[in-house]
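In what follows, a structure is listed as C-alpha cells, so that the remarks can point back to it.
The values are calculated or read from the model by the stated rules, or taken from the named source; none is laboratory data. Source: prediction; values computed, not measured. Please note: Cβ atoms are built from the backbone with ideal geometry, for glycine as well, and neighbour counts cover all protein chains shown.
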Amino acid sequence: MSEPVAVAAASSPQVPLIRVAGVTKRFGGVQALRGVDLEVFPGEVHALLGENGAGKSTLIKILSGVHAYDDGVIEIAGHKVTFDSPAQSRDAGVAVVYQDLSLVESLSVGANLMLGREPRTRLGFVKNRQLMATVGEFLRSHGIPLDPKTPVGALPFAYRQMTEICKALMGDVRVLILDEPTSALTGGEEQILFDAIRAVTARGVGVIYVTHRLNEVFRISQRVTVFRDGANAGTFDTAKTDMKQLVAAIVGSGHAALQARQKTAVGDGAISREPASASAIAEAAADTTVAPVLKLLNVSNDRLRHVDLLLRRGEIHGLAGLIGSGRTEILQTIFGLRSVDAGAIEIDGRARARITPAEAIQLGVALVPEDRHLEGLVLDHSIERNLTLPRLAHFSRWGWLRSQAAVQQARRSMKELSVKAPGPSTAVKFLSGGNQQKVVFAKWNHPRPRVLLLDEPTVGVDVGAREEIYGVVNHAAHAGTGVLVVSSDLDELLRLCDRISIVADGSIVKTVERAELANAEALHHLIQLSRSSIEAQAI
C-alpha cells in the first residue's frame, strides 16, 4: 500500500482556507443542506463522504458558484464570500473537478488544459508551440502519461478524467475540490494522482476529496467529514478512525445493504457460489461440468490480439489490467461494438465470426458500459423509456408501443432493484448516481441475460448502493447468468469474482482462481508483472 500523502498539520490558530458554517440550501420542498459545517486548512486533504443524495454535490456546487446558499456563512481565508457565478469562484481560487467531465472532445489535451488562458500574439493568435511546450513540461514534471497533442475524444474515459484533473491543477488554485477523481483509475494511475495532490498540498493548497472508495480515505486524507441526509454526521481524524466507524456514519448502523447476506441455493445448472468460502469459490469455478455460456476463440481486431476466454454459466469472471490494456475492448467486441477481424465468438455453443449489438441483445448478451451518462442512459428521458429502449420489440405491437405494459415492467424492475424515485415517469437526470446505475442494470433485468458484461459497475456509487449492486450481480450469477466484469477497483474484483484474467496489450496473459490471491496487493503485483513482461518482449 502506498504511503499517505504528507502535508502540513493544521494547527488551531491557523486560519482555514475555506470555512463553511451552518450552510443551508432548499430546492422547492426539498431541504438539501441542513446547516452543514466544514473546514479545510492549508496543505490539508479533507475527505468528504456520504451516500448519493447526502448533500455533497450540493455543497460542491455552492462552493463552485453554481448554486447560491440560503443561510449560513462561507469564508475563504477568513473573508466571507458569496459566489454569484462560477467565474467568481474561480477568481477566488476555488477549482472543481466534477464527476461529469467538462472537456471539449474535439480539442487536444493541451488545448483543453489551457482553454481560456492560451498564450497569444499581439494580434490574438494562439502561440500553439508555446502552449504545447508548457503543457508538456507540466505533464512530464508530474509523471502524467498524457500526450498534449492527442485529441481528448480519442482517449479512454480514465485518461479523459485525468485530463480534467490536470486542467484544475494547472490553474492558480487555493482550494481544489476533487469529485470521485479515481473512479476509473487503476492502482498505477491512482498513485500518479496522489503524487500530484502531494505536489499541490506542499504549496499550501487545501483539497476537498470526495470519494466512495473508502480505502482511499486512509491513504490520502488527514481528516474526514461525513454528510448524511443533508447534515453533518461527524468529522474524524483519519488516523484515529477505522472503516467500520466511517461506514456507520455514512449509512447508519441499521442499513439493510450492510446486513449479513444469506446463503443462496442455486438451481438450473448454475455454479453454486459461497462467497464466504474461498475454497468453495475455487471448487465451483473449476467445475468443468458446467456448460460455458461464452467463448472467445483466438479473437483479434484493431485492439485485441489472439484473445481466448471461457465464461461458464453462473460464474463471475473478472478482467484486470491497466488503462488501455484492452479490458473494455474485450467487452465491446463481445457486444458487437467492435468488429472481429480473426477468430470467433461462441455464445451458448453457437460460433459467430461477426456480431452486431442488436444480434448480441437477441442472443442474451447485455452490457453495462463504463460511462452511464454517455453510453448507458438517455438522461432527459424517463426511467420507463430508458428501461424500454433495449426491448422495444417486446413492448410493441403492430408498430405501436404498449405503454401500459412498459410502465408495469418499469415499476416491477424499480421495485426489484430498489430504485429510489417518485415513479417510472421521473427523468433519469434527476436521480442520484447510484439510482442511475441501477436503472442501467434494470434495462437488462427482464428477460434475464445469458451473459452480463459490466464495465466499472460501481463508478461514482456510494457505499450503500454499491452493496445493493453487488447483490444484483450475485443474484444474476445465482440465477445462471455468466458475468464478465471489468473494474479498476481490485478489492471489488476480489470480492465478486470466481476467476480473474489479467489483460495486457490487448491479450489475456494469465487467468487465476480467486483463492490463489491473498489480497489486492497480490493482484496488483500480477498486473505489474504482466506489463513488465509485455514491455520486455517489445524490447
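Restricted to the range 112-131, and to residues there that are in contact with a helix residue (DSSP H, G or I) (Cβ under 7 Å, 6 or more places away or on another chain) and free of Cβ contacts under 8 Å to residues at least 40 places away in the same chain, the residue that is nearest to LEU322 (Cα to Cα) is LEU131. When ILE62 is tested against (1) part of a helix (DSSP H, G or I); (2) over 25 Å from the mean Cα position of the chain (by Cα); (3) surrounded by 14 or more Cβ atoms within 10 Å (Cβ to Cβ), exactly one condition is not met: (2). Is it the case that some residue within the range 470-478 is touching a Phe, Trp or Tyr at 6+ places or on another chain (Cβ under 7 Å), assigned to a helix (DSSP H, G or I), outside the structural domain of VAL293 (by TED's automatic domain parsing) and farther than 22 Å from ASP308 by Cα? Within the range 470-478, one or more residues are touching a Phe, Trp or Tyr at 6+ places or on another chain (Cβ under 7 Å), assigned to a helix (DSSP H, G or I), outside the structural domain of VAL293 (by TED's automatic domain parsing) and farther than 22 Å from ASP308 by Cα. So which pairs qualify, if the first residue must be in the range 160-177 and in contact (Cβ under 8 Å) with a residue 60 or more places away in the chain, the second must be among the hydroxyl-bearing types (Ser, Thr, Tyr) and surrounded by 22 or more Cβ atoms within 10 Å (Cβ to Cβ), the Cβ gap must be under 9 Å, and the two must be at least 6 apart or on different chains? Partner pairs satisfying both residue conditions: GLN161/THR182; GLN161/SER183; LEU176/THR201; LEU176/TYR209; ILE177/TYR209.
Output the residue which, of all residues in the range 421-447 that are assigned to a loop (DSSP other than H, G, I, E, B) and touching a residue at least 60 places away in the same chain (Cβ under 8 Å), is nearest to the chain's Cα centre (by Cα).
Looking at the filtered set, the residue picked out is SER432.
To keep it simple, each residue is scored yes or no on (1) touching a Ser or Thr at 6+ places or on another chain (Cβ under 8 Å); (2) modelled with pLDDT of 85 or more; (3) surrounded by fewer than 19 Cβ atoms within 10 Å (Cβ to Cβ); (4) basic (Lys, Arg).
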{"site": "GLU3", "(1), (2), (3), (4)": "no, no, yes, no"}
{"site": "SER11", "(1), (2), (3), (4)": "no, no, yes, no"}
{"site": "VAL15", "(1), (2), (3), (4)": "no, yes, yes, no"}
{"site": "ARG26", "(1), (2), (3), (4)": "no, yes, yes, yes"}
{"site": "ALA32", "(1), (2), (3), (4)": "yes, yes, no, no"}
{"site": "PRO42", "(1), (2), (3), (4)": "no, yes, no, no"}
{"site": "HIS46", "(1), (2), (3), (4)": "yes, yes, no, no"}
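A Cβ distance below 9 Å, combined with a sequence gap of six or more or placement on separate chains, defines the contacts here; from the range 4-30, residues that are part of a strand (DSSP E or B) reach residues that are at pLDDT 85 or above and surrounded by fewer than 10 Cβ atoms within 10 Å (Cβ to Cβ) in the pairs ARG19/GLY78. If the condition is being assigned to a helix (DSSP H, G or I) and either among the hydrophobic types (A, V, I, L, M, F, W, C) or without any contact (Cβ under 8 Å) to a residue 12 or more places away in the chain (or both), then the range 448-466 contributes VAL463, ALA465.
On the given criteria, is LEU493 within 26 Å of ALA291 (Cβ to Cβ) and at pLDDT 95 or above? When the stated conditions are applied, LEU493 does not pass them. Against the numbered list (1) touching a strand residue (DSSP E or B) at 6+ places or on another chain (Cβ under 7 Å); (2) small (Gly, Ala, Ser); (3) more than 25 Å from GLU216 (Cα to Cα), ALA154 comes up short only at (1). For the range 444-459, a residue qualifies if it is surrounded by fewer than 23 Cβ atoms within 10 Å (Cβ to Cβ) and either over 28 Å from ALA358 (Cα atoms) or charged (D, E, K, R) (or both), and the qualifying residues are ARG448, ARG450. Only residues that are of a type in the set (Gly, Ala, Ser), under 27 Å from PRO119 (Cβ atoms) and part of a loop (DSSP other than H, G, I, E, B): list them for the range 150-208, please. Within the range 150-208, GLY171, GLY204 meet the criteria.
Does GLU118 satisfy being in a loop (DSSP other than H, G, I, E, B) and either acidic (Asp, Glu) or on the phi > 0 side of the Ramachandran plot (or both)? Yes, satisfied.
Among the residues of the range 479-529, the ones that are assigned by TED's automatic domain parsing to the domain that holds THR328 and part of a strand (DSSP E or B) come to 13 in all. Against the condition surrounded by fewer than 21 Cβ atoms within 10 Å (Cβ to Cβ), free of Cβ contacts under 8 Å to residues at least 12 places away in the same chain and not basic (Lys, Arg), how does THR134 come out, does it pass? Taking the combined requirement at face value, the residue does not satisfy it.
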